[in-house]
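> To start, I am sharing the structure in question, which I have written as structure tokens.
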Amino acid sequence: MSPFAPAGRGGGDWPRYKPRLPGTGARRAAGRKAFGGTWWGREWVEAIEGRAKLDPNRLPRARTYARTGAVGELDVTAGEVTAPVQGSRRTPYEVRVRVRRFSDREWDLVTGALVSQLGHAAALLEGELVPEVAGDVRSVGLDLLPGPGEVQPRCSCPDWADPCKHAAAVCYLVADELDRDPFLLFLLRGRNREELLAAVRLKRGSEIATSSGGASPPDQLCPDRWEEDAGVVAREAWSGVVAAGNAVAGAPAPVALPTPARHPGRPVLLVDAAPPGSGVDTGALRALAADCARRAFDLADGRGGTGLDLTLEQDCARWASSMIAGIEAPVDLDELAHRCGLDRHELFRRALAWKAGGPDGLAALLESWNPAPSELAPGRVALGAGARATANRVTREERQLRLGHDGRWHPYHKVRGTWQPDGEPIVLPLAPRDLPPT
């Protein structure tokens, strides 16, 4: 008899089979639901199964391990996932799954690609990961989802397979974690959620400042970069105005007034909490004061009105737009949506519309009107053959242009069956008069 013959069984050349000991991990819900319920979770699973094509026999057992609690708690850090996996021996195996991290240069390209699409960047800041983000990253020659060659599973077990069933089980459960928190994709590439959002805000602010000729990004997008501004004493400013009037009558030339500040002022922090029972929320008061300063700054800089003439609908969209840009507000986005009588996603759409075009952008989202066919012709030309016009909207496949009352065209993109604002409004050249009807 072979020395490898199992006790109690006939001969053979196989070592004794040892059943797996019970693990300490959570058991997956009953049933055989596939791993990876989201688009990013499915792509992660495909990358792992693609790596295992040379030896796919481990995968069914790996899925069983993952479903029955063999895998302990996952620890996800920058570029790496570790977890213990209970096998047949008493001591669990140690699994380490490494993912190639982006370099600083690659992260700069990724951040630039993300902010190039206003709607996608705003969705990230609001905590959503739309599928188009993967295409944005791919446009700069990188992949957010790691391919088979960028995932390196390693296990302390003696199995030679790559990946072994223990490592593959961990990878399957990583897909579940990605379903719950898509920002783990960015962490696996090297940056956590806070670092990513800070970089997006900074890059977005830098682009806005560059396009407006400013020397630095808007501070409402980068509150940590505020600088102190000495300001100007009101009495001295007024004396300059009086001097300017006297100069007409031959008085001395007026003193030059200082240039406007580069950013709105910051409200003074309240040292003491409000008295009990006063009903005053100091955090909300500080946010309202900061909002007032921003409105005053925009008014003084010629970039907007007071905002006091806005309707409730418009002001809700304005506040939501500020919130997805990271500006402090008296309430969170969910509470604001509740107070506005909207669900969270609808308020988010209105925030994007406001961010892109202000009141006109919001009107383009909410209103439908019937311009003359000749007014719709530029939109049809811009979208190309197959574009159809309905009311003030021209549509072709997943793209749409909406004509506003101001004559500008507001771009939209269909995301999961819903039309989302997709950038700032544009002016299109007049189209030929002989354009065929839709």
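The values are calculated or read from the model by the stated rules, or taken from the named source; none is laboratory data. Since this is a predicted model, take the numbers as computed values, not measurements. Note that each Cβ is placed from the backbone with ideal geometry, even for glycine, and that neighbours are counted across all protein chains shown. For accessibility, only protein heavy atoms count, side chains too; no ligands or nucleic acids. Shrake-Rupley method; radii C 1.70, N 1.55, O 1.52, S 1.80 Å.
> If ligands, DNA and RNA are left out, what is the accessible area of His338 with a 1.4 Å probe, given in Å² to the nearest 10?
140
> Oh, and also: Probe radius 1.4 Å, ligands and nucleic acids left out: which of Thr395, Thr390 has the largest accessible area, and how do the rest follow?
Thr390, Thr395
> Further question: Can you tell me the Rg and Dmax of the stretch 42-178, counting just the alpha carbons, in angstroms?
Calculated on Cα positions, Rg and Dmax stand at 16.7, 53 Å.
> Right, next: Which of Ser156, Cys171, Phe183 sits closest to the plus end of the dipole of the stretch 61-200, meaning its Cα is farthest towards the positive end, when Lys and Arg get +1 and Asp and Glu get -1 on the C-beta?
Toward the positive end, the furthest listed residue is Ser156.
> Same structure again: Using a 1.4 Å probe and counting only protein heavy atoms, arrange Lys33, Lys203 so the residue with the most accessible area comes first.
Ranked from most to least accessible, the order is Lys33, Lys203.
> Please list the non-local residues whose amide H lies under 5 Å from the amide H of Gly36, H modeled 1.01 Å from N, same-chain partners needing a gap of 5 or more.
Asp176
> Quick one: which residues, 5+ away or cross-chain, put their amide H under 5 Å from the amide H of Val415? H built at 1.01 Å from N.
For Val415, the qualifying residues are Gln420.
> Now for a different question. Which trypsin sites (Lys or Arg not before Pro) does the stretch 80-170 hold that lie in a coil by DSSP with at most 10 other beta carbons within 10 Å?
Arg90
> Taking the Cα-to-Cβ direction at Lys414 and at Ser103 and moving 7 Å from each Cα, how far apart do the two end points lie in nm?
Output for this residue pair reads 4.1 nm.
> Taking the stretch 327-438 as the region of interest, what is the percent of Cα-Cα pairs per 10 angstrom bin, listed from the shortest bin to the one with the maximum distance?
Spelled out bin by bin, the stretch 327-438 gives 15, 43, 28, 11, 4, 0 percent.
> For a distance above 17 Å, tell me the whole-number percent of Cα pairs in the stretch 322-386 that qualify.
That tail contains 57 percent of the Cα-Cα pairs.
> If packing is taken as the average number of other Cβ atoms within 10 Å across a peptide's residues, how do 182-192, 278-288 rank, most packed first?
Those peptides, ordered most packed to least, come out 182-192, 278-288.
> Between the DSSP loop rule and a limit of at most 12 other Cβ atoms within 10 Å, which trypsin sites (Lys or Arg not before Pro) in the stretch 333-417 are left?
In loop regions of the stretch 333-417 (DSSP not H, G, I, E or B), the sparsely surrounded trypsin sites (Lys or Arg not before Pro) are Arg416.
> Once you have a ≥ b ≥ c as the square roots of the Cα gyration tensor eigenvalues for the stretch 102-184, tell me rounded if a/c is under 1.5, and otherwise prolate or oblate according to whether a/b is larger than b/c.
Because a/c hits 1.5 or more and a/b exceeds b/c, the stretch 102-184 counts as prolate.
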